[in-house]
Every structure is written in structure tokens, then in C-alpha cells.
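The block underneath contains the structure these notes are about, expressed in C-alpha cells.
We did not get these values from a lab; they are worked out from the coordinates using the rules stated. Model, not experiment: these values are computed from the prediction. Here the Cβ positions follow ideal geometry from the backbone for every residue, glycine too, while neighbour counts run over all protein chains shown.
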There are 2 protein chains.
Amino acid sequence: MGHNTPRGTSPLVLTIDTMNPNVKNVEYAVRGPIVQRAVQIEKELREGVKKPFTEVIKANIGDAHAMGQQPITFFRQVLALCSYPELLKDNMFPEDAKSRARRILQACGGSSLGAYSASQGIDCVRQDVARYIERRDGGVPCDPDNVYLTSGASDGIVTMLKLLVCGEGASKTGVMISIPQYPLYSAALAELGAVQVNYYLNEEKCWSMDLSELERSLAEARKHCNPKVLCIINPGNPTGQVQSRQCIEDVIRFAAKEHLFLMADEVYQDNVYAEGCQFHSFKKVLFELGPQYSNTVELVSFHSTSKCYMGECGFRGGYMEVINMDPEVKAQLIKLVSVRLCPAVPGQALMDLVVNSPQPGEPSYTTFMKERTTTLSLLAEKAKLTEEILNTVPGITCNPVQGAMYSFPNISLPQKAIKEAKALGQAPDMFYCMKMLEETGICLVPGSGFGQKDGTYHFRMTILPPTDKLKLLLAKVKEFHQKFTRQYS
Amino acid sequence: MGHNTPRGTSPLVLTIDTMNPNVKNVEYAVRGPIVQRAVQIEKELREGVKKPFTEVIKANIGDAHAMGQQPITFFRQVLALCSYPELLKDNMFPEDAKSRARRILQACGGSSLGAYSASQGIDCVRQDVARYIERRDGGVPCDPDNVYLTSGASDGIVTMLKLLVCGEGASKTGVMISIPQYPLYSAALAELGAVQVNYYLNEEKCWSMDLSELERSLAEARKHCNPKVLCIINPGNPTGQVQSRQCIEDVIRFAAKEHLFLMADEVYQDNVYAEGCQFHSFKKVLFELGPQYSNTVELVSFHSTSKCYMGECGFRGGYMEVINMDPEVKAQLIKLVSVRLCPAVPGQALMDLVVNSPQPGEPSYTTFMKERTTTLSLLAEKAKLTEEILNTVPGITCNPVQGAMYSFPNISLPQKAIKEAKALGQAPDMFYCMKMLEETGICLVPGSGFGQKDGTYHFRMTILPPTDKLKLLLAKVKEFHQKFTRQYS
């Protein structure tokens, strides 16, 4: 096999030397080596290998149900009804669940979730999404023709980048992304061969965006590529900040002035916890800035079924709304998505339920609201808890988790540890996280997987484990950090 | 907006002139202009516009449920149970459906379809797939580590091409595809900027593959690119042939000799109707050829939940099995699929049910077998009917529909029609199909969307409409063809 044969002489067609080099450049830390090791350790535990812990706690990924969060009853009732419409005859389901299921099925070919939908997504779901956006944005109009259903937000982001990226050498498309970033962006850019243009969030100011930093980054990029796109994640991943209205306004004015296409990743729009913080959609602020902006600035916003209070990652539901997109490009976009036929229909159905949830007076309303509120309050409580406990650890500094599902604390690492890591060819925070995993069973993602200022170190930790387990986890992190610091001082 | 502004002066960032040119080159006839017009006509009918017909009949796409085929009861019961596990307490479901649901849920994070799965797919589903492949191939071993779950077969095909395509100019990867082809291939190659290398199927010999044609095509391609991949669709789409064992053997020997990576699209593996025809998997034949081949030839085979007797397109379930893949490349493949997190979990669950269907002695077995057999016999009947009726039309010649879901008849078009089409800048068979749509409401896909020998014309028609409607459709096609021929003679 290829790996046993000297390079260049493999009898195989496809080897590490002959494969697409862009794919080789892709990195994705959220499911990287540390997570692979965690899976291995779990297997070892099952096989009876002795460890200093009995369980791996995965705080590496925003996977709410895996951490014990319960699905919203109403959503799952409707999905069951849509999957097996015989259940519509049964009396065990509330009437509003049945009527939602009937409405979705009527919109499906042959009244079946098993038919392909239109490639852009089921018509009535796109209409419901549009009405949801209008309610959310205080009446700013939304045209269902601008809404595209996707397989989770990742699918939409990659599709948009595919349209935008072209050119070679100095005219190659540059895409501005925040550092720290969610590594889907760097991975997609590597795969497409685009230029990643970094702008740094201001850790001292709770991971806010600085206009001067955007200007620096853009000026720098213009020396060697053609920067055309500015990506923002709000609320932030991995950094958990919620951007102020003023900041969003600044970003929009900047994009307009500098002729940049805006991509707003807004999948955590319901995940806002900190007092005084509020979610402002880019679309709403764009329209409030007046026609000079709302008629010209190109914006796409992404949402999904995976986060917020529902946490339905496995269904891969999502949508994107495009604003001011050239109609000729929209036709190309429709053609492009048609090649993959359609997003999975159960995910489309679920997206519909999220944007068209039970209303006051409907039989499922009370239960729905109770489930929704409980989940969001618990998350708010855990966000606070995480920040507070991490800040009690000498050498760890954690910004408030204003929103999303993650803390991204700064960790000071002793020089000796940094040296040892470098000798092993590892990023120092990878060395730290790998050691933590081996000693405590806690699985975090090193900051280097998201990008960070040189000489600073972080990890990303989700706030999703149940409160008791989260407390245990934080106590273990504290103990480990203290021990690690002592060991390498 | 861009389209109203002279080229090159658009105030927009993303226009038809600045977008990714590879995406512009993508074509996808199965959902192309003719289908868009069909959707428009349906809308016009609903709005009361008078037409010479009352209904659009869509025979353009292999979408079984949209054509009235019923889902398999057992599959949908299990999906409902997995969606809303409260139903496990109910007595309305058979025990085997419940135990399948419990098994799938146990393999999900937090016992929920809403958790992300491993990027390669749920472990136990991959194990079930491996056992299915072993049974299908008479015991040839299958390692679950070689199985990757996908979002339908399209997703797997695109992922594999992504790994394989690289280089520029004369060293750019060439990918051999059959002509006529399924346009996902040409679309993916255009998007990736690879070289499409055409080899022609032999229409005179029931769309079989000729070794001499493969040799011609490869020799030709080697003059200007680096051909590395050979794609085969068996049973064939759009051409409905089933390849003989001998033919598959020849293809494998050819690939081995010429150092080509084999991609076998085998999504129609249960759809074999013609007497004397049988499905032979490339994997099985590869292993029967002995270790000289089975240890060296690189092969990937694709399957999906969308076709066969289940026709569950909307769930986007699928898998691929890779054989003899360089372990280093496998690690890259796992990394690549991890960026998109995971295939939709309901589709994975459904794939599991397909490869692990009710067994003799289980309560659902009889119903399952009855449903499966009924669907496949109906399809066989319709395949025969389509061939027979089309061959009664002077000027239409139709090969036997040995398998898959399509007929791809040859149509003679009068010179006058060809001229008129060319004057309009249309492919002659597009002109023909568009006219048929406007006059009869029948939606077919012109052969030019799949590729065909110069000077020949075809259309692709699915055999999926219910028998009565199919008869009506065929009668209308006959009538239209005769009228069209008279009109342009």
C-alpha cells in the first residue's frame, strides 16, 4: 500500500502525493486529533483499560442533545407524524401538531418526506422563513425568493464561498474572517484555494470588532490578493461575544465603503445571555441605515436548526437569506444547488417548525414555551457559572460568555511547557489540551485550532454539559491547570 | 442592480462577471430550463390559464414518491419511533420496528437523532452496511472502516472527485465518464475544473461498454490531460442498461492495466428487470478476479436510499465503500468529511433499515416483502411497457429498459426541425422536448443534457408514473411525435 512504498513510486493512483493539495491543506480542529484520541480513550475505557478517570467528558463541540438536552416535544411529534402519516389517525397527538404535519406533507411531492423538494427548498417553508425574519426584524420585508434552505449553516456558507471565490495570484479572492474563527471558514477557504484574510477580535474588549483592525487587515490584504468578502459570526463562535448595534453599523458602513460582500453567520441568534446584550440581525441594522445601504450592500445571513434552544444538529436543517444579490447570480446559485438535488427534507420540515412554532392559544403552546425557556435559562446559568469558575483559576482569564455556547478563556502556559510542546512539534495549547484529556478525560479544543494572537493560548469549551457535570468539569480543569502550572514552573 | 448596468460597471461585488467561472460552466439538465418551464406551466394552470392539457406529467426525474409510489411501512414506522421515542411505549408498532429503533437510538449521542454522528457515519450503521455488502457479494469480506455514510450518492461522488482532482494544463486530472452520462458528473467536474473525458456507450448493443471505445477515449485524453479516474453507472442512468459480468471484468482489467481509479455508481442495484440480466457488483467481480486485482485496483462504490424499491430521495441517505485506498488518503477523507460534521442522521437511520431490513420470522417480514416485491414487479412491468409502446412509434427506437428507472429512446428529427432549433440557438432535442411540454404537458429531459453522439437525438423518460398515467403519457408522446414529424417534414 501507498504508505509503505517510497514516495513517488506507489502503485496506487490516489496517494497523499497525488491527491488534491487543497484538500491536504484543510484543517478542522473541532473534530481533529484531540477528538480522535478522545474516541480512542472511550474505547479503551470500555475495554477495561485503567485510567485516572471513568468517563470522557466531551466539551469540544456544540452538540446539545449529545450532552443530554431534550428535544422540543412539539417538533418531534410533527416529525413523527410526517414520517409515518398513519399516526394522523391516532388521538395521541395534539391538533396543532397534526395540522402542521398535514401542511408540510401537502407541500411535499406525493405527500411524502421521501420525495425530492425544489432545490431551493420547499415553497411553504421558505414562505414561513420569510415571515419569521420579518417578525424578528420588526417588519423589515423579506422575499421568500431570497431564502434558500440548506443542509445546516455549513452547507450555505460553503455554497456562498463557492460562488464568490475565483482568480489567481494577486487577483485571487480574499475572504476576511475573524480570529479566533470557527474553522469551517478556514477549511472551506483552503479547499477552494481562496486567500484567508485574518482580522483579530479584541480580547481586551470582550472579543469585540475594532474598525481600525478591519482597516489594517484589509490594507494588508490588498497588497497580495483581492479581498471581496467579510465574514462575521454573531453571537460569536468560539468566543461567545454578542456584538453591539453600533459595532454592526460600523461593519456595514465599512463593507459599503470598501466594496465587500457581507456574510453574517447568525446561527446563535437565540443564544444571548448577558444582561444588556441583545441580538441585532445584520439585515435589520442594514435596513435601519436607510436605502443608501439597504439598496446596495450585499449580505447573506445564515441560520440553522442546530443551535439556539432546539439543538437539532443531526437533522442538518438550515437556511440562508441573500440581500441585494445580482439576479443573474441568483440564477447561477439555483443552478448550483440543483446539482445536489435538495437539502434533506426532514431537516427542511424541522426548519419550518422552528420558524413557525406553536402560537398562543394553540394546544402545544404552553409546553413549547416552557421547554424553550427552561433550555435557554439553563444555558444562561451555565454561561455565568463557566465564566465565574474559570476566573477563579490563577492563570486563566475568561471573558463573559455573552452568547452562543462557548467560553474561550486565555490560559497562561509556563515557558517550560511551551518549550516541551515545541520540541514535540505541537502547538503549546494542543500539548496542554492533550495532557488534560489523558489525565482527566476532559476533551476541549486548543485555541490554535481557531487562531489566536501569537504568543497567546486558549481553549474552547462548550457550556453544554448538564450543570452537575459542568461543575465537575470546571473543578477538574481548575485542578489540572494548577497542577500543570506547578509541573512546568 | 447588476443586470441593468453595463457589464463591468456594476456597483455589486458579486456579478455574473466576477463570480467563480467554474460554477458558471456547470450544467444540470435534470433540473434545467425545461423543468423550470414545467413549474411555471403548473402555476399557470392553477391560475386558470387555458392549455391543451389539464396536468403536467413530470417524467424528468427519478422521484418515485412524487409519482405516487408508497413508502415501505416498516421503514417509516422505525423513523417515526426514532423521531419521537415516546411512541416506543405505544402498542401500535410491531416489536421488530421498536427493536430497530432502540438499536439506532442507542447508537446516537444522547439517544437522539438530533445529535451529530461521527463524520464517517454512525458506527453500527456502517457495520450493518458492511454485513449487507458481504451478503450481497456472496461472502467477499467488507471492512466497516471502508464504509462512509453520505448525503445521497451525489455527496459521495463529489467528495471522491474532490480528493482526486488536481493539476493544471496537461497534468490536470481527467475523469472518464460514459456518454450518455448522468449530469451530476459533468457538473461536478466543471465545478472542480477537471477535464471531462467522454467514452461513448454502444447504442446498437443496448448501451453496452466497448473496450475499444475505452481505449480510444483514453488515448485521446492522454494527449492533453492526465486521466486518472474511470466512472461507470450500472445499472445505467440515463440509459437503463445492465452490464454483463464479462463487461465488468473487462473494465476492471482495463483499469488495472491503465492505472485508473474506478468509481462505480451502483445506486440502481435492485432495479434489474430484463430476463437474463443480473446485477454484478464491481466489488464482487474484482475479488473474483483474484488477488492480482483485488489487492491493487482502487475502487469506490456508491449506493443510496433514493432508488431501488424504497425511492426515499428526500432523506438524502447513502453510503460509499472504498477498496484499496491509501491509508493516508483515508485519513484525509475523514478530515474532509468532518468539516461538514455529518450526513443527516435520519438519512443514516434509513440507510440502516435498507441494509438491515426485516428478516424471515420477524413480525414485519411478510408485509415488507410484499411491498418490496410489488414495487419492483410494477417497475419491471412499466419498463417493458415503455419499451414496447415507444417502439411502435415510427421514428422512435428504444433499447430494452433492462434496469434502473429510465428509457432513453433515439428519436429521428426532421431536417426542418433541426434547422429551426439551430436558428433559435437551441439543441434540436431541447426544441422537441420544449414543444412537447407546451403542447402536451409532458416533461422529459432532452438527450443533449446527458450527452449523445453527434447527429443523434434522444430524450430521457422515467418509467415511474403509475401504470395508467404512464400509458396515457406514452400515447401522448406517440401522438406528439407523429404530429411533430408531419409538421416539419
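Taking a straight Cα-Cα cut-off under 14 Å and skipping sequence neighbours fewer than 8 places away in the same chain, the aspartates and glutamates within cross-link reach of B:Lys478 are B:Glu387, B:Glu388, B:Glu439. The magnitude of the dipole of segment B:312-387, with charges of +1 and -1 set on the Cβ of Lys/Arg and Asp/Glu and taken from the Cα centre, is near 180 debye.
Shape class for segment B:146-237, computed from the alpha carbon gyration tensor (a ≥ b ≥ c): oblate, with a/c not under 1.5 and a/b at or below b/c. Within a straight-line Cα-Cα reach of under 18 Å, B:Lys335 can be paired with the following lysines, leaving aside sequence neighbours fewer than 8 residues apart in one chain: A:Lys24, B:Lys162. The simple Förster model, with R0 at 51 Å and r as the Cβ-Cβ distance, assigns B:Gln70 and A:Asn198 a FRET efficiency of 0.40.
Sorted ascending by nearby beta carbons within 10 Å, beginning with the fewest, B:Cys231, A:Cys247 become A:Cys247, B:Cys231. Segment B:342-394 and segment A:163-192 have Cα centres lying 44 Å from one another. Summing +1 for each Lys or Arg and -1 for each Asp or Glu among the other residues whose beta-carbon sits under 11 angstrom from that of A:Val354 gives -2. In this label model, B:Gln487 and B:Arg37 are separated by 1.1 nm, measuring between points 7 Å along each Cα→Cβ vector. For trypsin sites (Lys or Arg not before Pro), the sites in segment B:27-108 that DSSP calls loop and that have at most 14 other Cβ atoms within 10 Å are B:Lys50. Peptides B:153-160, A:349-356, ordered by how many other C-beta atoms sit within 10 Å of their residues on average, highest first, read A:349-356, B:153-160.
What separates the B:Lys419 label point from its copies, with the point 7 Å along Cα to Cβ, is 9.0 nm, written shortest first.
Which shape class, rounded, prolate or oblate, goes with segment B:55-140 when its Cα gyration tensor gives a ≥ b ≥ c as root eigenvalues, a/c under 1.5 marks rounded, and past that a/b bigger than b/c marks prolate? Here segment B:55-140 falls in the oblate category.
Across chain B, the relative contact order, built from alpha-carbon pairs under 8 Å that are at least six residues apart, equals 21 percent. For A:Glu438, B:Glu266, B:Glu203, the sequence from fewest to most other C-beta atoms within 10 Å is A:Glu438, B:Glu203, B:Glu266. Ordering B:Glu191, A:Glu388, B:Glu42 by the number of other Cβ atoms within 10 Å of each residue's own Cβ, fewest first, gives A:Glu388, B:Glu42, B:Glu191.
For segment A:180-223, the relative contact order is 28 percent, taking Cα pairs closer than 8 Å that sit 6 or more residues apart in sequence and dividing their mean separation by the residue count.
Please give the charge dipole size of segment A:103-355, origin at the Cα centre, charges +1 on K and R Cβ atoms and -1 on D and E Cβ atoms. Round to the nearest 20 debye. It comes to approximately 400 debye. With a Förster radius of 22 Å applied to the beta-carbon distance between A:Ser171 and A:His259, the computed FRET efficiency rounds to 0.90. Positive end of the dipole of segment B:114-355 (Cβ unit charges, origin at the Cα centre): among B:Gly156, B:Phe279, B:Gly318, the Cα lying farthest that way belongs to B:Gly156.
Mean partner shielding of peptide B:116-124, defined as the number of other chain Cβ atoms within 10 Å of each residue Cβ, is 3. Put simply, the amide H of A:Cys142, placed in the peptide plane, has no neighbours under 5 Å, leaving out anything fewer than 5 places away on its chain. Annotation: average projected area of the protein assembly as shown is 39.7 square nanometres, based on the convex hull of Cα atoms across all directions. The trypsin sites (Lys or Arg not before Pro) of segment B:127-223 meeting both criteria, a DSSP state outside H, G, I, E and B (loop) and at most 14 other C-beta atoms within 10 angstrom of the site's C-beta, are B:Lys223. Its DSSP H runs of at least 4 residues, each contributing -39,500 (n - 2.57), put the calculated 222 nm mean residue ellipticity of chain A at -13000 deg cm²/dmol, to the nearest 500. In this structure the amide hydrogen of B:Ile57, modeled in the peptide plane, comes within under 5 Å of the amide hydrogens of B:Ile442, B:Cys443, none closer than 5 places in sequence on its chain. The relative contact order of segment A:301-409, computed from alpha carbon pairs under 8 Å that lie at least 6 residues apart in sequence, is 20 percent. Listed by chain and number, the aspartates and glutamates whose alpha-carbon sits under 16 Å from that of B:Lys307, ignoring those within fewer than 8 places in the same chain, are B:Asp63, B:Asp155, B:Asp265, B:Glu266, B:Asp270, B:Asp352, B:Glu371. For chain A, evaluate the Debye formula with one uniform point scatterer on each Cα (no solvent term) and list log10 I(q)/I(0) at q = 0.11, 0.12 Å⁻¹, rounded to two decimals. Ignoring solvent entirely, the Cα scatterers give -1.00, -1.18.
Here A:Asn91 yields copy-to-copy label distances, from shortest upward, of 1.5 nm, the label point defined as 7 Å from Cα along Cα to C-beta. Each other copy places its own label point for A:Lys43 at 5.3 nm from this one, sorted shortest first, where the point lies 7 Å along the Cα-to-beta carbon line.
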